[in-house]
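Below: one structure, written as structure tokens.
The values are calculated or read from the model by the stated rules, or taken from the named source; none is laboratory data. As the structure is a prediction and not an experimental result, all values here were calculated from the model. Here the Cβ positions follow ideal geometry from the backbone for every residue, glycine too, while neighbour counts run over all protein chains shown.
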Amino acid sequence: MKFHLAVNLERMDDSTSMHDVRDHTLEMVQMADRAGFHIAWAAEHHALEMTIAPNPFQLLTWWAAHTDDIRMGSGVANAAYWHPINLAGEAAMVDLISGGRLELGLGSGAYQREFDRMRPGLAQPDSYRYMQEMLPLVRQLWEGDVAHEGDFWAFPTATSCPKPVQPQVPMWVAARSPITFDYAVANDCHIMCWPLTLPMTEAEKYRAQLDDAIAKAGGTYNGTFALMRHTAVYENETDRRAALDAIRSVLGKFGNLMTKTGEVRNGFPDEVPLDELDGNVRVDPVMLEENLAFGSPEQVIAKLKAYEALGVDAFIYYASMGLGMEQQKRSLQLFIDHVLPEFT
């Protein structure tokens, strides 16, 4: 099983310096690079301080300039917010500057609030159609001249400038629904999934959807099945409590964005009160510690071995959860020192 790192520029309030936030992400990626992690993922989100990522390719270009081996992944670019020629060129530029380390991830977005601002009138559940038109078109633009008349984009003959330096850039799809698993397998894409805070049964459901998609495609799939979980490794009660408090606070804000039950003020989402979340299995502290990659090194190793047995090819260590920057680094170092050796 390979290991990836997903880390965001995040601020929970305006007391945190943007310079510190910026530098922290690079330090985390450099730690992962030295430890042999395979990919570092940068997200795309807009007008949100808890995920400051208006263009993942800018961030990947910066990380690439300060790392040696770790690959640079857009995790993920929202197809509906881009023009195909623009996305193909931006992504290829990362591949050029990084020396052929790009991993292009495309997805359908998460928050309706963002669509209301970035693509007004588009409902998030319908955005997968943009991704399905975008992905093969980007591949064609990387090959050479192509004209396009589609449902969402139309343009005369054009090509991507620059072209990627890799003969074939690895393509990833963020998948949760059966239709997206089917599309990814049929189009030779790697798959990343995120069970949020749900139990192991959610990961098992995704694996079953992948197996069904492979069967529909004739039984052959050479792609990677990656699974992402919020991760916190700790050795004392203080760090344990801080991790649980941080993730519950972030989930309160995440719930606001998913359901639009609160305001977003100057980029900071209101937090749904914790007493409204306590009855929800997704935020119960006991369930969170059981479901997420939280715990001592030994506990985290056991969880990862269960994913490995399920057929997970790569585990994405999701570091960003509003946790203090120093504790994030302590957690990652514990993972590198005590968890990683069990799998390498």
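Would you check which residues across the range 235-253 are within 16 Å of SER320 (Cβ to Cβ) and free of Cβ contacts under 8 Å to residues at least 24 places away in the same chain and list them?
ASP245, the sole residue that qualifies.
Which of the residues belonging to the range 34-93 are within 17 Å of the chain's Cα centre (by Cα) and without any contact (Cβ under 8 Å) to a residue 24 or more places away in the chain?
PRO54, PRO56, GLN58
Kindly indicate whether any position in the range 62-70 is touching a Ser or Thr at 6+ places or on another chain (Cβ under 7 Å) and either buried (at least 19 other Cβ atoms within 10 Å of the Cβ) or among the β-branched types (Val, Ile, Thr) (or both).
Yes, the range 62-70 contains at least one residue that is touching a Ser or Thr at 6+ places or on another chain (Cβ under 7 Å) and either buried (at least 19 other Cβ atoms within 10 Å of the Cβ) or among the β-branched types (Val, Ile, Thr) (or both).
Anything in the range 152-167 that is farther than 15 Å from TYR130 by Cβ and either out of contact with any helix residue (DSSP H, G or I) (no Cβ under 9 Å at 6 or more places or on another chain) or modelled with pLDDT under 95 (or both)? List them, or say none.
Passing the criteria: PRO156, THR157, PRO167.
Listed here are the residues, each with its yes/no results for (1) over 27 Å from TRP172 (Cβ atoms); (2) surrounded by fewer than 17 Cβ atoms within 10 Å (Cβ to Cβ).
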| position | (1), (2) |
| --- | --- |
| LEU288 | no, no |
| SER296 | yes, yes |
| VAL300 | no, no |
| GLY311 | no, yes |
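Assess whether ALA232 counts as being crowded, with 20+ Cβ neighbours inside 10 Å and touching a residue at least 24 places away in the same chain (Cβ under 8 Å).
yes
Which of the residues belonging to the range 313-344 are surrounded by 16 or more Cβ atoms within 10 Å (Cβ to Cβ), touching a strand residue (DSSP E or B) at 6+ places or on another chain (Cβ under 9 Å) and either among the acidic types (Asp, Glu) or not in a helix (DSSP H, G or I) (or both)?
ALA314, PHE315, ILE316, TYR317, TYR318, ALA319, SER320, MET321, LEU323
So how many residues does the range 90-114 have that are outside any loop (DSSP other than H, G, I, E, B), polar (S, T, N, Q) and under 30 Å from GLU263 (Cα atoms)?
Final tally of qualifying residues: 1.
Would you check if GLY144 is without any contact (Cβ under 8 Å) to a residue 12 or more places away in the chain and of a type in the set (Gly, Ala, Ser)?
No.
Would you tally the residues in the range 250-276 being surrounded by fewer than 17 Cβ atoms within 10 Å (Cβ to Cβ), among the polar types (S, T, N, Q) and either modelled with pLDDT under 90 or in a helix (DSSP H, G or I) (or both)?
So the answer is 2.
Could you count how many residues in the range 10-29 are closer than 14 Å to PHE268 by Cβ and not basic (Lys, Arg)?
Residues meeting the conditions: 8.
Please determine whether any residue of the range 198-217 is out of contact with any Leu (no Cβ under 7 Å at 6 or more places or on another chain), in contact (Cβ under 8 Å) with a residue 60 or more places away in the chain and not aliphatic (A, V, I, L, M).
Among the residues of the range 198-217, at least one is out of contact with any Leu (no Cβ under 7 Å at 6 or more places or on another chain), in contact (Cβ under 8 Å) with a residue 60 or more places away in the chain and not aliphatic (A, V, I, L, M), which makes the answer yes.
Within the range 210-229, how many residues turn out to be buried (at least 21 other Cβ atoms within 10 Å of the Cβ) and out of contact with any Cys (no Cβ under 8 Å at 6 or more places or on another chain)?
3
Tell me whether the range 102-120 contains one or more residues that are buried (at least 19 other Cβ atoms within 10 Å of the Cβ), out of contact with any His (no Cβ under 9 Å at 6 or more places or on another chain), of a type in the set (Asp, Glu) and closer than 20 Å to VAL173 by Cα.
For the range 102-120, residues buried (at least 19 other Cβ atoms within 10 Å of the Cβ), out of contact with any His (no Cβ under 9 Å at 6 or more places or on another chain), of a type in the set (Asp, Glu) and closer than 20 Å to VAL173 by Cα: absent.
Going by what's in this entry, would LYS163 be described as free of Cβ contacts under 8 Å to residues at least 24 places away in the same chain and of a type in the set (Lys, Arg)?
no
Give the range 115-126 a look and list any residue that's under 19 Å from the mean Cα position of the chain (by Cα) and either of a type in the set (Phe, Trp, Tyr) or part of a loop (DSSP other than H, G, I, E, B) (or both), or say none.
PHE115
Any residue at all in the range 18-35 that is in a loop (DSSP other than H, G, I, E, B), surrounded by fewer than 23 Cβ atoms within 10 Å (Cβ to Cβ), modelled with pLDDT of 95 or more and not basic (Lys, Arg)?
The answer is no, given that none of the residues of the range 18-35 is in a loop (DSSP other than H, G, I, E, B), surrounded by fewer than 23 Cβ atoms within 10 Å (Cβ to Cβ), modelled with pLDDT of 95 or more and not basic (Lys, Arg).
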